[in-house]
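Questions regarding the structure given below will be posed in turn.
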Amino acid sequence: MIKLKVWLILVHQYMHQLDEDIRQAVLLNIGTVISFRIGTEDAKHIAEEMFPEFDVQDLIYLPNYKIYLKLMIDGRSSRSFSGLQLV
């Protein structure tokens, strides 16, 4: 949250672990998104952030060691793209 000069990195396993109000606040203020393969319910939320490059099916069937990203660069969101994990 740049206005308040507060930066937050939120890492969790499932979206439903977050309280509904917190989940909505996070999704409305999201900057950079990095996603590994995720389940159907989480994919519904994250696919909205990755649209139009990736959809729910892409997120559900993401191969091992591959990630999808959308970056905030100089205050602007990039288009979503894929990458490989370094192992």
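Restricting to the range 9-37, count the residues that are in contact (Cβ under 8 Å) with a residue 24 or more places away in the chain, out of contact with any strand residue (DSSP E or B) (no Cβ under 6 Å at 6 or more places or on another chain) and of a type in the set (V, I, T).
Adding up the residues that qualify gives 0.
Also, I was wondering about something else. Name the single residue, out of those in the range 59-82 being in a strand (DSSP E or B) and polar (S, T, N, Q), that is farthest from G31 (Cα to Cα).
S82
Here is a further query. Mind checking whether some residue in the range 15-23 is of a type in the set (K, R) and under 11 Å from the mean Cα position of the chain (by Cα)?
no
Exposed (fewer than 10 other Cβ atoms within 10 Å of the Cβ) and at negative phi: does that describe L71?
On the way: exposed (fewer than 10 other Cβ atoms within 10 Å of the Cβ): no; at negative phi: yes.
Considered against the rule, which asks whether it is exposed (fewer than 10 other Cβ atoms within 10 Å of the Cβ) and at negative phi, L71 comes out as no.
Conditions tested, residue by residue: (1) among the β-branched types (V, I, T); (2) modelled with pLDDT of 90 or more; (3) in contact with a Gly (Cβ under 8 Å, 6 or more places away or on another chain); (4) surrounded by 12 or more Cβ atoms within 10 Å (Cβ to Cβ).
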{"position": "M1", "(1), (2), (3), (4)": "no, no, no, no"}
{"position": "V6", "(1), (2), (3), (4)": "yes, no, no, no"}
{"position": "H12", "(1), (2), (3), (4)": "no, no, no, no"}
{"position": "E20", "(1), (2), (3), (4)": "no, no, no, no"}
{"position": "L27", "(1), (2), (3), (4)": "no, no, no, yes"}
{"position": "V33", "(1), (2), (3), (4)": "yes, yes, no, yes"}
{"position": "G39", "(1), (2), (3), (4)": "no, yes, no, yes"}
{"position": "A43", "(1), (2), (3), (4)": "no, yes, no, yes"}
{"position": "E53", "(1), (2), (3), (4)": "no, yes, no, yes"}
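Which count do you get for residues in the range 1-57 that are in a helix (DSSP H, G or I), hydrophobic (A, V, I, L, M, F, W, C) and under 21 Å from G83 (Cβ atoms)?
5
The values are calculated or read from the model by the stated rules, or taken from the named source; none is laboratory data. Because the structure is a prediction, the values reported are computed rather than measured. As a convention, Cβ positions derive from the backbone with ideal geometry for all residues, glycine included, and neighbour counts pool all protein chains shown.
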